[in-house]
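Everything below concerns the one structure shown next.
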Amino acid sequence: MTFDYEQRSIVMQSALAVLLCAVVLGGGYLCIPPELVGVPTPMALEDRLGFALKWDLLILFWLAGSVGAVSQKRFWHPADRHGSAYSEPSPALAVCQANLQNTLEQAVLALSAHLILATVLLERELVLIPLLVMVFLVGRATFAIGYAKNPIARAFGMAVTGAPTGFAYVLAASLIMAGR
């Protein structure tokens with residue numbers, strides 16, 4: 001099986017993204033002291049959930065900014081003011097809408113993963129949650145920048161966003177099956 005140029009680009013961007021995520025999450029977990037990111041000890045379940053929600057506020061800010069970007073495009077471009085029920089979006093608005101839709105989907109998955117992790121991680125391990133949030137934000141920024149340039153260029157950001165969330169689900173499931 002041979003890949004065309006775009007497919008090879010997507011694979012390369014995704015591989016680099018996964019490598020970056022592994023370095024950031026692994027290195028951050030090993031090097032960042034829990035108190036630096038606000039992990040108090042001891043922590044009851046409600047404290048761990050609160051910790052995750054506080055960090056996830058940054059993801060919700062990003063989502064709100066994505067909604068704002070669509071609104072701003074509609075306001076400043078007369079062809080887009082009537083809304084999607086009455087006209088097709090301009091190309092610029094279509095990119096913003098696609099970014100918003102993907103950000104919403106990724107945010108739901110990430111926030112859910114972080115809350116599930118908060119129920120099974122122990123105090124020191126909670127350092128992973130702020131790291132996951134930071135990687136999510138880098139992923140969303142690189143996705144939006146890449147998408148605005150070329151649809152294929154969004155692959156790096158998509159993988160930086162999605163791979164850590166997938167990791168979080170696998171980690172949570174593993175810890176649950178191990179009895180946590």
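The values are calculated or read from the model by the stated rules, or taken from the named source; none is laboratory data. What you see is a predicted model, and the numbers here were worked out from it, not measured in a lab. Cβ atoms come from the backbone with ideal geometry, glycine included; neighbour counts cover every protein chain shown. Accessible surface areas use protein heavy atoms only, side chains included; no ligands, DNA or RNA. Shrake-Rupley method; radii C 1.70, N 1.55, O 1.52, S 1.80 Å.
With a ≥ b ≥ c the root eigenvalues of the C-alpha gyration tensor of the stretch 5-178, is it rounded (a/c under 1.5), prolate (a/b larger than b/c) or oblate?
prolate
Based on the mean of other beta carbon atoms within 10 Å per residue, what is the order of 97-106, 79-88, most packed first? List each step's numbers first, then the result.
Working: 97-106: 17.5, 79-88: 11.1.
The most tightly packed comes first, giving 97-106, 79-88.
In nm, give the distance between the simple-model label positions of ILE152 and SER90, each being 7 Å from the Cα along the Cα-to-Cβ direction.
Each label point lies 7 Å from its Cα, and together they span 2.8 nm.
Which of the listed residues, LEU57, VAL127, TYR29, is farthest toward the dipole's positive end in the stretch 5-178, when Lys, Arg count +1 and Asp, Glu count -1 at the beta-carbon?
About the Cα centre, the residue reaching furthest to the positive side is LEU57.
At 1.4 Å probe size, with no ligands or nucleic acids counted, give the accessible surface of ILE10 in Å², nearest ten.
70
If you roll a 1.4 Å probe over the stretch 9-74 with all protein chains in place, what percent of the accessible area is carbon or sulfur?
76
Nearest 0.05, what FRET efficiency do ALA178 and PHE61 give at R0 = 30 Å with Cβ-Cβ as r?
Between ALA178 and PHE61 the formula returns 0.35.
Measuring from centroid to centroid over Cα atoms, what is the spacing of the stretch 108-180 and the stretch 1-38 in Å?
11
Given a 1.4 Å probe, how much area per residue of the chain is accessible, in Å²? Numbers along the way, then the final one.
Numbers: 9990 Å² over 180 residues.
Heavy-atom accessible area per residue stands at 55 Å².
Evaluate the relative contact order of the chain (contact order divided by residue number), counting alpha-carbon pairs under 8 angstrom at least 6 apart; express in whole percent.
Working: 189 pairs, mean separation 59.0, N = 180.
RCO, the chain: 33 percent.
Among 133-143, 18-28, how do they line up by average Cβ neighbours within 10 Å per residue, starting with the highest?
On the way: 133-143: 21.7, 18-28: 15.6.
The most tightly packed comes first, giving 133-143, 18-28.
Within 12 Å, Cβ to Cβ, of THR142, how many net charges do the neighbouring residues add up to if Lys/Arg are +1 and Asp/Glu are -1?
Surrounding charge for THR142 is +3.
Between THR119 and MET12, what is the label-to-label distance in nm when each label sits 7 Å out along the Cα-to-Cβ direction?
Between THR119 and MET12, the simple spin-label model gives 4.3 nm.
Of PRO89, LEU20, LEU117, which is farthest along the charge dipole of the stretch 5-178 in the positive direction, counting Lys and Arg as +1 and Asp and Glu as -1 at C-beta?
PRO89
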